[in-house]
Amino acid sequence: MGGFIGFKKILIANRGEIALRIIRACRELGIETVAIYSDVDESSMHVVMADEAVCIGPASPKDSYLSIPRIISACEISGVDAVHPGYGFLAENPRFAEICEENGFKFIGPKPEVIREMGNKSEAKEFARKAGVPVIPGSNKAVTDIGSAERIAEEIGYPVIIKAAFGGGGRGMKIVHSTRDIEKFINIASSEAETAFGSGDIYIEKYIENPRHIEVQILGDEHGNIVWLGERECSIQRRHQKLIEEAPSPIVDEDLRKKLGDAAKRFANYVGYASAGTVEFLLNGDKNYYFMEVNSRIQVEHPVTEEVTGVDIVKEQIRIAEGERLSLKQEDVRIEGSAIECRINAEDPDKNFMSTPGKITALYLPGGHGVRIDTNIYTDYVIPPHYDSLVAKIIAKGKTRKEAITKMTRVLEEFMIEGIKTTIPLHLAIMRNEKFIKGEIDTGFVERM
Ligand code: MV4
């Protein structure tokens, strides 16, 4: 057999901190990198740090970071072996993955067919049920007529939640409290879904009040091996935007961790998942866990898992795409200590989180023992208004959760940034919140603050 020698050059189809994260992994693996950038990103750090850079178009994402033909052209002129999509943009677009492969560029992610299956949330839920993973009671498939919707809602009992099959991330959901509202909300949800996602398919579930959001990081290779790297607690969010993530979850004990891990592994095995991925669960007040959806990409919050397991998830993801076997077995995975990530956004918490693009006139990034900062900003960098407002991820690690919170507080106090408003004051308020310190958190926490 002719052994595959691995990638020589990778194109990173993204920008910002995740582009840097991927470039760093490539450099350590001895792989050359190609950045792509839009007109307004010429001075961005990912352009500086990559070995080569190709301008692919104007600021508007649809003409640059979302333009499949422009990105494929960049792959061709730079002669890359593979494409890393990062998160957001085209990361979970099955057609993009397919076109990369059709043109001879390996897509660093799961097979296009698996991305497509995970993109349909009601289909993914059906896979979970068949794989023996607990799912929230409700319609097994997308509901098509009002009659069966009413029957299912009656059967599971109100309140129920209506979700768009191609929604995900909380968009297009409707909570319904009584039978007299069901028809109206089915119609609203379906037409909104049609407009937003191009499909009016919806499904119904029993509504769980203020659940916790807990997700399991998995790695699967192309030889059928799967490991799970423990869970992340992601309940601290506002309007479906995560603010803080941690590993491990303060509510998950060894027994529950094993159940969640086994469930995630069973699911991944059932769908033939080969790459880094995340299986999301909801946890109710009685610590019952239910499958929610799968993210077939590297996630923003992957660093907290890296910090408590010592596994470089992006490097593993690249090696997997090269066809290599996982570098670790389940018994090699140990969760050690506690890590917390705060997402620092260029937003003004006092002005309803309005985004605050503009020039960073002064910057001092904290450091010290147990501190990691993943960021693309620098002094005099101008944050463009066209993209998301994440400016830095601070990850603090301690032997205990308490130590990690203390360290994070110190780092947030030390962080100096001028010229733009950020969410740092909100993060400080959360780190000093008694309930947060006790680990008494759920998805309603920020709204109740
Ligand atoms: C739910 C739920 C309660 N019951 N499903 C929001 C994101 C989307 N992926 C699913 N979401 C929810 N689904 C049932 N049956 C509550 C939420 C939810 C939520 C979930 C995770 C993190 C934050 C959230 C905030 C509000 C609602």
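Brief remarks follow.
- Residues of the range 306-315 that are under 17 Å from V371 (Cβ atoms), of a type outside the set (D, E, K, R) and surrounded by 21 or more Cβ atoms within 10 Å (Cβ to Cβ): V308 alone.
- Members of the range 41-56 found to be over 16 Å from Y378 (Cβ atoms) and open to solvent by 30 Å² or more (accessible area, probe 1.4 Å), listed by number: D51, E52, A53, C55
- Subset of the range 171-187 that is open to solvent by less than 20 Å² (accessible area, probe 1.4 Å) and not in a strand (DSSP E or B) - its residue that is farthest from E92 (Cα to Cα): I182
- A single entry from V143, V114, V133 fulfils the requirement of being over 23 Å from A276 (Cβ atoms), in contact (Cβ under 8 Å) with a residue 24 or more places away in the chain, in contact with a Phe, Trp or Tyr (Cβ under 8 Å, 6 or more places away or on another chain) and not basic (K, R): V143.
- When the range 159-182 is limited to residues that are within 9 Å of the ligand (Cβ to nearest atom) and modelled with pLDDT of 90 or more, the one that is farthest from R116 (Cα to Cα) turns out to be P159.
- Flag for V133 being within 13 Å of the ligand (Cβ to nearest atom), under 23 Å from R212 (Cα atoms) and surrounded by 21 or more Cβ atoms within 10 Å (Cβ to Cβ): no
- Complete set of residues in the range 234-262 that are part of a helix (DSSP H, G or I) and within 16 Å of the ligand (Cβ to nearest atom): L260
- G220 vs. criteria on the phi > 0 side of the Ramachandran plot, away from the ligand (no atom under 16 Å from the Cβ) and in contact (Cβ under 8 Å) with a residue 40 or more places away in the chain: no
- Criterion (modelled with pLDDT of 95 or more, over 23 Å from I251 (Cβ atoms) and touching a helix residue (DSSP H, G or I) at 6+ places or on another chain (Cβ under 6 Å)) met by exactly one of T409, T423: T423
- Within the range 162-190, residues that are of a type in the set (F, W, Y) sit with their Cβ atoms under 6 Å from residues that are within 13 Å of the ligand (Cβ to nearest atom), at 6+ positions apart or across chains, in these pairs: F185/I162; F185/K174; F185/V176.
The values are calculated or read from the model by the stated rules, or taken from the named source; none is laboratory data. Here the structure is a predicted model, which means the values were calculated and not measured. Note that we place each Cβ from the backbone using ideal geometry, even for glycine, and neighbour counts take in every protein chain shown. Accessible surface areas use protein heavy atoms only, side chains included; no ligands, DNA or RNA. Shrake-Rupley method; radii C 1.70, N 1.55, O 1.52, S 1.80 Å.
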